[in-house]
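K.L.:
Quick one: the structure is below, and I'll ask about it shortly.
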Amino acid sequence: MTETATAAAGQVSDEELLARFPGQPVDHDSAAHYRGRLAHRLLINRCGDCGTWHQPPRPVCPACWSSNVVATEVAGTGTVHLAIFLHQGPPAPGVDYATPHPVVTVDLDEQPGLRFTSTVVDADRERVRVGDRVALEWIDRGGAPLPVFRVVEAAGSAGGESA
Amino acid sequence: MSAARNPMRDRNPLRDRVAFAGAATTGFVPRNSGRSMLSLTAQASIDVLRQCGLTAADVDGVCGSLVPAPTMQSALGIPEVSWFANPAMPFGNQVAAAVSAVHSGLCDVVLAYHTAYRLPWNTMSSLKDPFRRSSGTAGVSPAPESLFGSVGYTAWASRYIHEFGVPKEHFGYVAINDRANAAANPAAAMRTPITMDDYLGARMIRWPLSLLDMDVPVDGADAFVITTAERAADLPLPAVLVDAVALGATAHNEEEQTDSLRHHGQHVTVNALRARSSFWLDDVDVFFPYDGFTIITLNWFENAGWCKPGEAGSFLEQHRDPATGKILIDGRIPVNPHGGALSEGGTQGSGHVREAVHQLQGLAGERQVPDAKRALLTLGGFFFNAQGLTLRRAD
Ligand SMILES: [Zn+2]
């Protein structure tokens, strides 16, 4: 786990990292997460002492106050907790609001209530619902990798997790 | 982590010791006013000070939102202040800070204010005004996959519909009540009553919420004088006593990480306010739930205890006049009689506080609630911004 973060971190300088993610909240506490994106790894902070995950990235563990937090790869599978469609919004490369843009907040499987927000690929409004099971994919957004989700099992179908 | 119980939570030494001596507004317009934020703020501030019979030299505390307190002091020529602050919005925070400062003796007379201003990211027309681009916080354009700000309420509305299976009409009752009430409020930006058909047919902005679910970007300002109960009693307008104040937030106060619809800032606020206040729902004469988004109002009805989770829409259906669309709880208690933020615009709650003060002073004109003695205000949203206030008329 630590190797993942370290390997990704070694690839680009802080200056290069900022240049790859213009306008994004890249700082000391989130840099490891963004370096993970460049390596197509979704890294979420986890406490090296008590094992609790947290999001967004903080410099200490909110559960035990340990500073030993490690950006750690998650599977990227989970259940849709919140789901909306933007009919308008800020300009972003490849986003055309003429087709309402889905935004979902996903409960990641690693820990109840640990959530990550992104869009859903290949999905119209009829195909994205609270309770859907999703998996992680990567797309290009303005030259940088963006973690996104794909619906792999519709809410209410056999084996689907109820919210 | 489990919720800690604070045994001192019902400690409320400031009750009845601090008062609103007056409130004034410029009114709100849903277009660029062609004026600066400071110009609007100064107008409302001068109005309220004159109405209270005060001069600049009487003010020794300044507490506002976007316009820096030192800028206001300079603009109004306030000779000396011994306390000033610019807490984060919404306006319950300005009230909490000013009331605390007066009660603790850091100052005696606070000028408090909030200015609603159409910032560049609110509207396309605001974006075209070069002077606005430089005002407020830096124009960070969040990626569309962020729940920050307005988007967060839309996202939790999707959850509310999923969990409770309620129809969109339940949200509509909030919007229709506001507009019905705003018809009698000359300060409101939007005063035309709307029907359920209007509501359901409104342009979709972020599914599941539409244009009529969200407040309007406006220009305008509200200002207040907050002072000791003794001093307020000597001023020309009736004093409105601060009964209790509470702010509330949970550890997971980011929009996307918030625990659930059953545990967020509103629940903390209500628990704290109920413990500190001298009255609750049975003795409320007028109710001011925040309504920057309709989902916030439905949640406030449930969390304040008027009804159970998921039942706000059914409750409103039972307590509304289908002919006018106005809500009157138990046939007696109006809800946002000024039309709320959905009609006045995004006032961050200052409009709700101003109307509550005017109602309790008997100065609400044709909107006056007969013999209004006590008001309950539940301001702000779910996350880092839930706030509550109980006010009562001085007898
Ligand atoms: Zn820990």
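Quick note: the coordinates plus some simple rules give every number you see, no bench work behind them. All figures in this text were calculated on a predicted structure; none of them were measured in a lab. So basically every Cβ, Gly included, is an ideal-geometry build from the backbone, and we count neighbours across all protein chains shown.
K.L.:
Can you tell which of A:A83, A:A19, A:A92, A:A31 is under 22 Å from A:G143 (Cα atoms), more than 16 Å from the ligand (Cβ to nearest atom) and touching a Ser or Thr at 6+ places or on another chain (Cβ under 9 Å)? If you could, list the steps in order and put the result at the bottom.
P.N.:
Numbers: A:A83 fails: under 22 Å from A:G143 (Cα atoms); A:A19 fails: touching a Ser or Thr at 6+ places or on another chain (Cβ under 9 Å); A:A31 fails: touching a Ser or Thr at 6+ places or on another chain (Cβ under 9 Å).
Among A:A83, A:A19, A:A92, A:A31, only A:A92 is under 22 Å from A:G143 (Cα atoms), more than 16 Å from the ligand (Cβ to nearest atom) and touching a Ser or Thr at 6+ places or on another chain (Cβ under 9 Å).
K.L.:
With respect to A:D96, is the statement that it is more than 10 Å from chain B (Cβ to nearest Cβ), over 17 Å from the mean Cα position of the chain (by Cα) and charged (D, E, K, R) true?
P.N.:
On the way: more than 10 Å from chain B (Cβ to nearest Cβ): yes; over 17 Å from the mean Cα position of the chain (by Cα): yes; charged (D, E, K, R): yes.
Yes, satisfied.
K.L.:
Scanning region B:241-253 for residues that are within 16 Å of B:P90 (Cα to Cα) and assigned to a loop (DSSP other than H, G, I, E, B), which turns out farthest from the other protein chains (Cβ to nearest Cβ)?
P.N.:
Within region B:241-253, the first condition is being within 16 Å of B:P90 (Cα to Cα), and the residues that meet it are B:245-249, B:253.
In the following step, the residues that additionally are assigned to a loop (DSSP other than H, G, I, E, B) were identified as B:249, B:253.
Values: B:A249: 14, B:N253: 11 Å.
Top of the filtered list is B:A249.
K.L.:
Starting from residues that are of a type in the set (G, A, S) and in a loop (DSSP other than H, G, I, E, B), keep the ones in region A:60-79 and report whichever is farthest from the ligand (Cβ to nearest atom). Before you say what the answer is, go through the steps one by one.
P.N.:
From region A:60-79, those of a type in the set (G, A, S) are A:63, A:66-67, A:71, A:75-76, A:78; that's our starting set.
Next cut, in a loop (DSSP other than H, G, I, E, B) only: A:63, A:66-67, A:75-76.
Values: A:A63: 5, A:S66: 5, A:S67: 10, A:A75: 21, A:G76: 22 Å.
Checking each candidate, the answer is A:G76.
K.L.:
Shifting gears a bit: Scan region A:41-62 and report the pairs whose first residue is within 17 Å of A:P147 (Cβ to Cβ) and whose second residue is within 8 Å of the ligand (Cβ to nearest atom) and part of a loop (DSSP other than H, G, I, E, B), with Cβ atoms within less than 9 Å and a gap of 6+ or a chain change.
P.N.:
Filtered contacts from region A:41-62: A:N45/A:C61; A:R46/A:T52; A:R46/A:C61.
K.L.:
Could you list, in sequence order, the residues of region B:162-182 that are touching a helix residue (DSSP H, G or I) at 6+ places or on another chain (Cβ under 9 Å) and assigned to a loop (DSSP other than H, G, I, E, B)?
P.N.:
Correct list: B:V166, B:P167, B:K168.
K.L.:
Residues of region B:199-235 being more than 23 Å from the chain's Cα centre (by Cα) and either polar (S, T, N, Q) or within 15 Å of B:V109 (Cα to Cα) (or both), which ones?
P.N.:
B:E230, B:R231, B:A233, B:D234, B:L235
K.L.:
A further question follows. If A:G113 passes every condition in (1) without any contact (Cβ under 8 Å) to a residue 12 or more places away in the chain; (2) at negative phi; (3) assigned to a loop (DSSP other than H, G, I, E, B) but one, which one does it miss?
P.N.:
(2) is the only condition that A:G113 fails.
K.L.:
Would you check if there is a residue in region A:129-149 being within 18 Å of B:Q257 (Cα to Cα) and within 16 Å of the ligand (Cβ to nearest atom)?
P.N.:
No, because not a single residue in region A:129-149 is within 18 Å of B:Q257 (Cα to Cα) and within 16 Å of the ligand (Cβ to nearest atom).
K.L.:
Say we look at region A:37-59 and pick out the residues that are within 14 Å of chain B (Cβ to nearest Cβ), near the ligand (Cβ under 8 Å from one of its atoms) and part of a loop (DSSP other than H, G, I, E, B); which of these is nearest to B:E255 (Cα to Cα)? Write out each step before concluding.
P.N.:
Of region A:37-59, the ones within 14 Å of chain B (Cβ to nearest Cβ) are A:37, A:42, A:44-45, A:47, A:50, A:52-58.
Still in the running and near the ligand (Cβ under 8 Å from one of its atoms): A:47, A:50, A:52.
This time we only want the ones that are part of a loop (DSSP other than H, G, I, E, B), so: A:50, A:52.
Values: A:C50: 25, A:T52: 20 Å.
Looking at the filtered set, the residue picked out is A:T52.
K.L.:
Return the total of residues in region B:218-239 being closer than 13 Å to B:Q51 by Cα and part of a helix (DSSP H, G or I).
P.N.:
Residues meeting the conditions: 1.
K.L.:
In region B:101-118, how many residues are among the polar types (S, T, N, Q) and farther than 18 Å from B:G22 by Cβ?
P.N.:
Narrowing region B:101-118 to residues among the polar types (S, T, N, Q): B:104, B:115.
Checking which are farther than 18 Å from B:G22 by Cβ leaves us with B:104.
Count: 1.
K.L.:
What's the number of the only condition in (1) within 9 Å of chain B (Cβ to nearest Cβ); (2) more than 16 Å from the ligand (Cβ to nearest atom) that A:V120 fails to meet?
P.N.:
(1)
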